[in-house]
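A quick write-up on the structure given underneath.
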Amino acid sequence: MDTTVIMTLFLVFFVFLALGVPISFSIGLATFAALTVNFSMATSADIIAQKAMTGLNSFGLLAVPFFILAGNIMNRGGIAKRLVDFANVFVGWLPGSLSHINIFANMLFGAISGSAVSAAAAVGGIMAPIQKEEGYDPAFAASVNIASCPSGLLIPPSGVLILYSLVSGGTSVAALFVAGYLPGLLMGVGLMLPTIWLASRLGIKGTSVREGSTQKIVAALPSLALIVVVIGGIVGGIFTATEASAIAVIYSLVLALLYKEITFSQLPSIFRESAITTCIVLFLVGTSMGMSWVMASANVPAFVSSVLGQFSDQPLLVLLFVNIFLLVIGTFMDLTPAVLIFTPIFLPIMKKIGIDPVHFGMIMVFNLCIGICTPPVGSALFIGCSVADVPMNRVIRYLIPMYVVLFVVLLLVTYIPGISLWLPKLFGLM
């Protein structure tokens, strides 16, 4: 392993992160600095540009901007409100009912939009004022919203699973999508346990109003049907994940217009917002591809493989190490670059010890889902605090028992492969 290159890469990366430079620029500048150890500045710039273009030249990546656009349309299209009402019918009777509604609605909205941040903003934006009016501690309400919003990154459709499929060498998107259901549901249901405990300690009771349950369910059915259309079409082989993303845009737009929550005059701003987000994500993809190439050329994958290979007869220990590493990475690196950079490093090792790529995809994404809820750079943490208008230090104490549950569920997903692989095998996708 070329230690000079790797030390330069990570030293520059962490320095720029500490200075508050956006992560995509930090990755790009660190990659450039590492390349200049062995190449001229001009050649280094050419390599970065070439690797970025190679990484972005993928038909599968077309799904990313479409799912982003669909998520933004849903965010403004009144879909979140109907899902909140739907969730109230089923979990409103539990202690801390509004927080359980938040969890359930995040699972549904995240599954439809494929975005944790959109779920935290849309569902949290609806629930926060209601919870405040009912006397909930805003910090408690925010913690539940923050911890539960990443469940939609596991429950399909999920943009990050599409990225994992591409960088892992073509792991079936359909298999990954179906595999995400049980881990995502376990995450959401698991979080209900500390929510019940905290709500009981705070003296918060159920406040559900059962009247109009049928109307609420019927009103949410068109929104929920999007999951059936998109996932059913992919699993049934009717269309690809990329085509499904375009269908999701059309379906969500028609639905939002029928709900009269969006007008044609608002569409340019939605398109502009989606284009900006797409540029941010794809710029991250491009710069991450450059960093991944630098690490590969410096023999980092071979080094990691040789180190962990010494424990190949102890797969449980290897999985524990990888989990710890990904949890640490998730605290300071966004989910997208982490998947793009570290999948090529760890996936060959996982295959060597008999871990299926679909199973490892669930392990990796689950780890990084926890990361976006943790300081110092967790995007869900910042959005959740902002929506609830509470400082981070007040939220953390409520998040601690939720972190514990997330770690327990992560261990279950890691060491019980059937949680991830049972449904794909049932549908004949593996």
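Laboratory data are not the source of any read-out in this text; all were calculated from the coordinates shown. All values reported here derive from a predicted model rather than from experimental measurement. Here the Cβ is made from the backbone with ideal geometry for all residues, glycine too, and neighbour counts use every protein chain on show.
Per-structure values
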read-out: With eigenvalues of the C-alpha gyration tensor scaled by 5 and rooted, the chain, Å; value: 35, 24, 22
read-out: Of Ser252, Ser420, Ser306, the one that fluctuates the most in a GNM where the chain has Cα springs shorter than 10 Å; value: Ser306
read-out: Ranked list, fewest to most other Cβ atoms within 10 Å of each Cβ, for Lys352, Lys51, Lys260; value: Lys260, Lys352, Lys51
read-out: Theoretical gain in end-to-end length, Val189 to Lys425 [0.36 nm per residue, Cα-Cα removed]; value: 82.6 nm
read-out: CD proxy at 222 nm, helix term only [per DSSP H run n ≥ 4: -39500 (n - 2.57); per residue of the chain; nearest 500]; value: -25500 deg cm²/dmol
read-out: Cα pair count fraction exceeding 18 Å, expressed as % - the stretch 283-383; value: 49 percent
read-out: Segment Phe10-Phe303, extension gain: residue separation times 0.36 nm, minus the distance between their alpha carbons; value: 103.9 nm
read-out: Cβ-based exposure ranking for Cys279, Cys149, Cys385, in which fewest neighbours within 10 Å come first; value: Cys279, Cys385, Cys149
read-out: Kirkwood Rh in Å, taken over all unlike Cα pairs in the stretch 1-106; value: 18.0 Å
read-out: Neighbour-count order for Val178, Val218, fewest beta carbons within 10 angstrom listed first; value: Val218, Val178
read-out: ³J(HN,Hα), Karplus 6.51/-1.76/1.60, whole Hz, each residue of the stretch 162-173, x for Gly, Pro; value: 5, 4, 4, 4, 5, 7, 8, x, x, 4, 4, 5
read-out: Cβ-derived FRET efficiency at R0 51 Å, Val328 paired with Tyr259, nearest 0.05; value: 0.75
read-out: Fully extended contour minus Cα-Cα distance, from Phe239 to Leu412, at 0.36 nm per residue; value: 59.0 nm
read-out: Ratio Rg/Rh, restricted to the stretch 101-219 and using Cα atoms, in which Rh is the Kirkwood radius; value: 1.04
read-out: Length-normalised contact order for the chain - Cα pairs under 8 Å, 6+ apart - percent; value: 25 percent
read-out: Alpha carbon Rg of the stretch 31-164, scaled by the compact-globule rule 2.2 N^0.38 Å; value: 1.43
